[in-house]
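The structure under discussion appears below in the form of structure tokens.
The values are calculated or read from the model by the stated rules, or taken from the named source; none is laboratory data. Note that the structure is predicted; figures quoted are calculated from it, not measured. Here Cβ is always computed from backbone atoms with ideal geometry, including for glycine, and neighbour counts include all displayed protein chains. These accessible areas exclude ligands, DNA and RNA; they are computed on the full protein's heavy atoms, side chains included. Shrake-Rupley method; radii C 1.70, N 1.55, O 1.52, S 1.80 Å.
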Amino acid sequence: MVNGMFQEYCFRRVPPIAFSLVLGSCSVIQIAVSNPFRLGVLGSGKGSNFVAIAEACAAGKIPAGIALVLSDVESAGILAHARERKLTAKFIPPGKFRTKLDEDAERAFVAVLQEAKVDLVVLAGFMRVLKGDFLRAFENRIVNIHPSLLPSFPGLEASKQALDHGVKVTGCTVHFVDAGVDAGPIIGQQTVPVLDNDTADSLIQRIHGAEHELYPRCVAAIASGDISVVGRRVIWKKSVS
Ligand code: GRF
């Protein structure tokens, strides 16, 4: 937020200078992005969304490069996948808390991301809630993927929540990260059916398939400067299929 306002902002491609927030007239916040666009990916788990994004970058479907990959879990598959691709991959100890980073860890994550001149922080299965200083350091520049159609079923075990509730359709959501849990402006969503014989496992597998399509598409739109945000509404300048 700038001066307490979160009204409208858009991503704008500019010559290669650092990402910046510019307050224009009428409280429109333009977010200039560097060229090439630099991603910092954070994950705690196996890293299948990271792989989908890395492959899309390599194939030129996302006009961006992966500057570095960070994890709070030393043995996380995401780090192994990054190293296989010869990308910078670092484990940063998360500190004493279970669900968030402690102050030292938060400072360490922010420092390496800033040092790598990251334009967009991409959360790909990062299992810790990001707090004030991290959010302020990358204001409007952190995205996450969640395995439900938000605002339904935020938090843990989203596919089990969907099954228990008895919904017939669920899916995944890519959204900007704000101070709430799975709560920021929604960039994109993709649906999947819930079948009568689904288990939480079979359903999450189907959702993962949708995630691997949706997340690269949303990151590509941001890196291309093809979205703007008005209040809670994310507007796509052109449809990307
Ligand atoms: C995905 O289901 C994502 O929606 C959630 O964490 C999971 C990460 O999976 N936030 P992976 O590590 O990308 O395979």
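Being at pLDDT 65 or above, surrounded by fewer than 18 Cβ atoms within 10 Å (Cβ to Cβ) and not aromatic (Phe, Trp, Tyr) narrows it down to one of 95, 40, 24, 47, so name that one.
Numbers: 40 fails: surrounded by fewer than 18 Cβ atoms within 10 Å (Cβ to Cβ); 24 fails: at pLDDT 65 or above; 47 fails: surrounded by fewer than 18 Cβ atoms within 10 Å (Cβ to Cβ).
Just one listed residue meets the conditions, 95.
For segment 112-121, how many residues meet the condition of being out of contact with any Leu (no Cβ under 8 Å at 6 or more places or on another chain) and within 21 Å of residue 176 (Cα to Cα)? Spell out the reasoning first.
Within segment 112-121, the subset out of contact with any Leu (no Cβ under 8 Å at 6 or more places or on another chain) is 114-115, 117.
Adding the requirement that they be within 21 Å of residue 176 (Cα to Cα) leaves 114, 117.
Final tally of qualifying residues: 2.
Yes or no, residue by residue, for (1) within 11 Å of the ligand (Cβ to nearest atom); (2) open to solvent by 40 Å² or more (accessible area, probe 1.4 Å); (3) closer than 16 Å to residue 182 by Cβ:
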position	(1), (2), (3)
127	yes, yes, yes
131	no, yes, yes
136	no, yes, no
141	no, no, no
146	yes, no, yes
151	no, yes, yes
156	yes, yes, yes
163	no, yes, no
166	no, yes, no
remark   = Picking from 76, 80, 52, 64, the residue that is open to solvent by less than 70 Å² (accessible area, probe 1.4 Å), within 12 Å of the ligand (Cβ to nearest atom) and touching an Asp or Glu at 6+ places or on another chain (Cβ under 8 Å) would be 52
message = All but one of (1) within 14 Å of the ligand (Cβ to nearest atom); (2) open to solvent by less than 10 Å² (accessible area, probe 1.4 Å); (3) among the hydrophobic types (A, V, I, L, M, F, W, C); (4) over 14 Å from residue 123 (Cβ atoms) hold for residue 221; state the number of the condition that does not hold.
response = (1)
